[in-house]
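Scroll down for the structure; my scribbles are underneath it.
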Amino acid sequence: MTRKLGVLIFPGFQILDAAGPIAAFEIAARYVPGAYDLRVMALEPGPVASSSHALMMARPLDAEPLDTLVVAGGDGTRPAALCQRTTAWVAQASARARRTASVCSGAFILAQAGLLDGRRATTHWQRCPDFAKRYPKVKLEPDRIFVRDGDIWSSAGITAGIDLALALIAEDLGEEIARAVAQQLVVYHRRPGGQSQFSALLEMGGQGGRFAALLDWMREHLAEPLGVERLADRAAMSPRHFARAFAAETGMTPAKAVERLRLETARERVENSAAPIDQVAAATGFGDPERMRRAFLRAFGQPPQALRRAARA
């Protein structure tokens, strides 16, 4: 069975948003010959300039049904999402396709076409505030690598398009083929869709900042009490001076930083291990499952059990 797969690009598209998934599907077709018939498409066919000015050749948009439609992202999504001819074609092509996917800010085009109303979706973390304002009917999940809601898939920024493509390949051809494709691409085999788009440790400046060593130590001792006094002692500073300096360096209080690290670690264990919820709560310093559940609801909008079910699904 050959699956017709169309990748929609436009002037100013991010080239890796298109090239990453294309490479994944092309390699999958080496393992399963004839699995995919790839076609790059654009409103104006011919050479299309990416945001880097590198060109990609595109076919014209047509009415031929696709198995899968993938919409690239990039700075060019802004004018593309406002182009009625583009969004109308996307809506029509999606209605005929088995599934539709967006990479990075390509979600703006899907949303403008009305395909995401009432659905869960994600996009690049930097574009999430603007997306939420523009499309309040979409159930935006900003802290995800990719999201599937029925026949609509969306992914986070740039390289997350490869994670999305690997998940689509696994659905079509099985996990073994997806794993082989990942090995050929020399990428991690399918980061879970629910994995955070970015690490709390990196967001707080944990690789080279003033408190880098302390943040590493905090992550390794999450099950222990991590009050300001203990952290200040570890940093060889007075509690008051430490609290001010830490907030100035990381943008958050020590207590908030501890909670962020605990949430990130707990979520990874909830989604990617079979450890009981109470054990995860104890190992990450929440103490009891109810306290962790309340923290999850505040941070992620869902309790741990729901995130585990979604990850397994």
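The values are calculated or read from the model by the stated rules, or taken from the named source; none is laboratory data. Nothing here was measured: the structure is a model prediction, and the numbers come from that model. Cβ sites come from the backbone with ideal geometry, for glycine too, and all protein chains shown count toward neighbours. Ligands, DNA and RNA are excluded from the accessible area calculation, which covers all protein heavy atoms including side chains. Shrake-Rupley method; radii C 1.70, N 1.55, O 1.52, S 1.80 Å.
Data for the structure
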| read-out | value |
| --- | --- |
| Any pair with Cβ under 9 angstrom, 6 or more apart, that starts in the stretch 263-277 at a residue that is over 17 Å from Asp288 (Cα atoms) and ends at one that is open to solvent by 20 Å² or more (accessible area, probe 1.4 Å) and among the hydroxyl-bearing types (Ser, Thr, Tyr) | Glu268/Ser196 |
| Complete set of residues in the stretch 13-49 that are closer than 19 Å to Arg85 by Cα, out of contact with any strand residue (DSSP E or B) (no Cβ under 7 Å at 6 or more places or on another chain) and surrounded by 15 or more Cβ atoms within 10 Å (Cβ to Cβ) | Leu43 |
| The stretch 279-297, residues that are free of Cβ contacts under 8 Å to residues at least 24 places away in the same chain, open to solvent by 30 Å² or more (accessible area, probe 1.4 Å) and more than 16 Å from Arg144 (Cα to Cα) | Gln279, Gly287, Asp288, Pro289, Glu290, Arg291, Arg293, Arg294 |
| Residue in the stretch 123-143 that is closer than 24 Å to Arg309 by Cα, open to solvent by 10 Å² or more (accessible area, probe 1.4 Å) and in a helix (DSSP H, G or I) present | yes |
| Residues (under 18 Å from Gly227 (Cβ atoms), part of a helix (DSSP H, G or I), open to solvent by 20 Å² or more (accessible area, probe 1.4 Å) and not aliphatic (A, V, I, L, M)) located in the stretch 251-278 | Lys256, Glu259, Arg260, Arg262 |
| Residue, farthest from Leu8 (Cα to Cα), within the stretch 80-93, restricted to residues that are under 23 Å from the mean Cα position of the chain (by Cα) and either in contact (Cβ under 8 Å) with a residue 40 or more places away in the chain or surrounded by fewer than 12 Cβ atoms within 10 Å (Cβ to Cβ) (or both) | Ala80 |
| Scope the stretch 12-29; condition in contact (Cβ under 8 Å) with a residue 40 or more places away in the chain and assigned to a helix (DSSP H, G or I); matching residues | Ile15, Leu16, Asp17, Ala18, Gly20, Pro21, Ala23, Ala24, Phe25, Ile27, Ala28 |
| Matching option when the condition is among the hydrophobic types (A, V, I, L, M, F, W, C) and under 23 Å from Asp163 (Cβ atoms), among Leu69, Leu82, Leu55, Leu61 | Leu69 |
| Meets criteria (at pLDDT below 90, surrounded by fewer than 13 Cβ atoms within 10 Å (Cβ to Cβ) and out of contact with any Cys (no Cβ under 9 Å at 6 or more places or on another chain)) for Ala236 | no |
| Meets criteria (touching a strand residue (DSSP E or B) at 6+ places or on another chain (Cβ under 8 Å), assigned to a helix (DSSP H, G or I) and either open to solvent by 60 Å² or more (accessible area, probe 1.4 Å) or at pLDDT 90 or above (or both)) for Leu214 | no |
| Of all residues making up the stretch 67-79, the number that are crowded, with 22+ Cβ neighbours inside 10 Å and closer than 24 Å to Ile169 by Cα | 7 |
